[in-house]
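The values are calculated or read from the model by the stated rules, or taken from the named source; none is laboratory data. Here the structure is a predicted model, which means the values were calculated and not measured. Because the Cβ atoms are built from the backbone with ideal geometry, glycine has one as well, and the counts that use them run over all protein chains shown. Side chains are part of the model used for accessible areas, which takes the heavy atoms of the whole protein and leaves out ligands, DNA and RNA. Shrake-Rupley method; radii C 1.70, N 1.55, O 1.52, S 1.80 Å.
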Amino acid sequence: CVFSSPELKDIEYIRSNYYNKLEIARFDSSLGRFVGYTEFEVKQANYWNKDTSFIAALNAQKEAVCLTTVGI
């Protein structure tokens, strides 16, 4: 979670996938989709982005995880 203020609209939820200490894919709640950084992960990100229920669940994580830790 990246906090710029305690408001939910200003909080950014980022989920990164790593392989051998190299970031290969990332979900960014401000974009609302996955972004791949390797040739294979670009294809994988497109697959994940088509699954609207998976994307909605990740967007819900912003509220469930980040909003509860604002005060910490």
Hits among lysines - C-alpha to C-alpha of K50 under 20 Å, sequence gap 8 or more where chains match: K62
Accessible-area composition of the chain, carbon plus sulfur, in percent [1.4 Å probe]: 55 percent
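At a Förster distance of 22 Å, what's the computed FRET efficiency of A57 paired with N17, Cβ-Cβ distance as r, to 0.05?
Working: r = 16 Å, r/R0 = 0.72.
Given R0 = 22 Å and the Cβ-Cβ separation, E is 0.90.
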Dipole magnitude (debye, nearest 20) for the chain, charges at Cβ of Lys, Arg, Asp, Glu: 140 debye
Compactness index (Cα Rg / 2.2 N^0.38 Å), the chain: 1.16
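What does the accessible area per residue of the chain come to in Å², with a 1.4 Å probe and no ligands, DNA or RNA counted?
Working: 5020 Å² over 72 residues.
On a per-residue basis, the chain sits at 70 Å².
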Rounded accessible area of V65 (nearest 10 Å², 1.4 Å probe): 60 Å²
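Using only the Cα atoms of region 30-72, build the gyration tensor, take square roots of its eigenvalues as a ≥ b ≥ c, and label the shape rounded, prolate or oblate: rounded if a/c is under 1.5, else prolate if a/b is larger than b/c, else oblate.
Values: a/c = 4.00, a/b = 2.08, b/c = 1.92.
The shape class here is prolate.
Loop only per DSSP, at most 14 neighbouring Cβ atoms within 10 Å: give me the trypsin sites (Lys or Arg not before Pro) in the chain, ordered by residue number.
Values: sites: K9, R15, K21, R26, R33, K43, K50, K62; in loops: K21.
Those that pass, being in a loop and sparsely packed, are K21.
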Heavy atoms of C1 accessible to a 1.4 Å probe, total area in Å² rounded to 10: 70 Å²
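Using DSSP to call loops (not H, G, I, E or B), can you name the chymotrypsin sites (Phe, Trp or Tyr not before Pro) in the chain whose Cβ has at most 12 other Cβ atoms within 10 angstrom?
Details: sites: F3, Y13, Y18, Y19, F27, F34, Y37, F40, Y47, W48, F54; in loops: Y13, Y37.
Here no loop site has a sparse enough neighbourhood.
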